[in-house]
Structures are given as structure tokens and as C-alpha cells.
1. Consider segment 61-82. How many of its residues are closer than 19 Å to residue 37 by Cβ, in contact with a helix residue (DSSP H, G or I) (Cβ under 7 Å, 6 or more places away or on another chain) and free of Cβ contacts under 8 Å to residues at least 60 places away in the same chain?
2. Taking segment 11-28, which residues are exposed (fewer than 11 other Cβ atoms within 10 Å of the Cβ) and closer than 19 Å to residue 99 by Cα?
3. Looking at segment 94-115, I want the residues that are free of Cβ contacts under 8 Å to residues at least 40 places away in the same chain and have a partner that is buried (at least 16 other Cβ atoms within 10 Å of the Cβ) with Cβ atoms under 8 Å, at least 6 apart or on another chain. Which pairs are those?
4. Give me a count of the residues in segment 100-122 that are part of a loop (DSSP other than H, G, I, E, B) and closer than 21 Å to residue 40 by Cβ.
5. Any residue that is within 22 Å of residue 2 (Cα to Cα), modelled with pLDDT of 95 or more and outside any strand (DSSP E or B) - is there at least one of those in segment 59-68?
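The values are calculated or read from the model by the stated rules, or taken from the named source; none is laboratory data. Just so it is clear, the structure is predicted and the values come from calculations on it, not from any experiment. Positions of Cβ are backbone-derived with ideal geometry, glycine not excepted, and every protein chain shown enters the neighbour counts.
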């Protein structure tokens, strides 16, 4: 199983595999045809309320991760297809934020990695 994280503004690569944008809002200045997405999973992104609370402030990172995990716990049907896809192909979670360490794609990857490990799939 392979799940990666990449900024959506970086050029697409064949090694990205299945490319999934996990932003609720379309990335500023990016044309849809230039994104080379397989899917835009906006419903998988953090809620608008949580996204605004976080504001990409690293001081809120731990709280954001836990709150986002709580949202994900309630919506397994939204992320389970990514796990299924990752069993067969590399999945790259794409994000638009400038901060490459504190964003929803990183938090989602951590969540999925934890779930996979807890279920003996890693």
C-alpha cells in the first residue's frame, strides 16, 4: 500500500498513480485541466468550519489533526475507496496549501496510515 502527499501545483508524474485533490476549495490560479486529477474529493476535505478554525496555523496543528480525525471517523464511506485504491495502485493526496507539513493532505495520510496499521494492512 502506498499513499503519498504532494502539492497540486507541482507537475504531475506517472509515479503519482491515482491523484486525489483533498481541498474543499479549488486551488487558486490552477486551471482544472492542468491539475491532472483522477478525482476531486472535496467532501473528504475538512469541514469549512474546521478549515477556517485551523487557518494553516502550525500552533493549531495537533488540534486540527484530532478534530479532522473525528470528522473522518464519521465518514468512512468517503475515504474507504482510497484505501481500496491504495491496495492496487499508489495514491497521491494533493493539496494547495503553501505549508507542506501542516495541511489536510498530510493529516489525512496520517489518519489513513494509522487505520491501515490498526487493521493489519501495513
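1. 2
2. 11, 25, 28, listed by residue number.
3. 115/83
4. Residues meeting the conditions: 2.
5. Looking for residues that are within 22 Å of residue 2 (Cα to Cα), modelled with pLDDT of 95 or more and outside any strand (DSSP E or B), one finds at least one in segment 59-68, hence yes.
Residue-wise test of (1) farther than 26 Å from residue 11 by Cβ; (2) buried (at least 16 other Cβ atoms within 10 Å of the Cβ).
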{"residue": "30", "(1), (2)": "no, no"}
{"residue": "37", "(1), (2)": "no, yes"}
{"residue": "43", "(1), (2)": "yes, no"}
{"residue": "48", "(1), (2)": "yes, no"}
{"residue": "58", "(1), (2)": "yes, no"}
{"residue": "64", "(1), (2)": "yes, yes"}
{"residue": "73", "(1), (2)": "yes, no"}
{"residue": "87", "(1), (2)": "yes, no"}
{"residue": "101", "(1), (2)": "no, no"}
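Yes/no matrix, rows are residues, columns are (1) closer than 27 Å to residue 120 by Cβ; (2) outside any helix (DSSP H, G or I):
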site	(1), (2)
12	no, yes
15	yes, no
25	no, yes
30	no, yes
36	no, yes
53	no, no
70	yes, no
98	no, yes
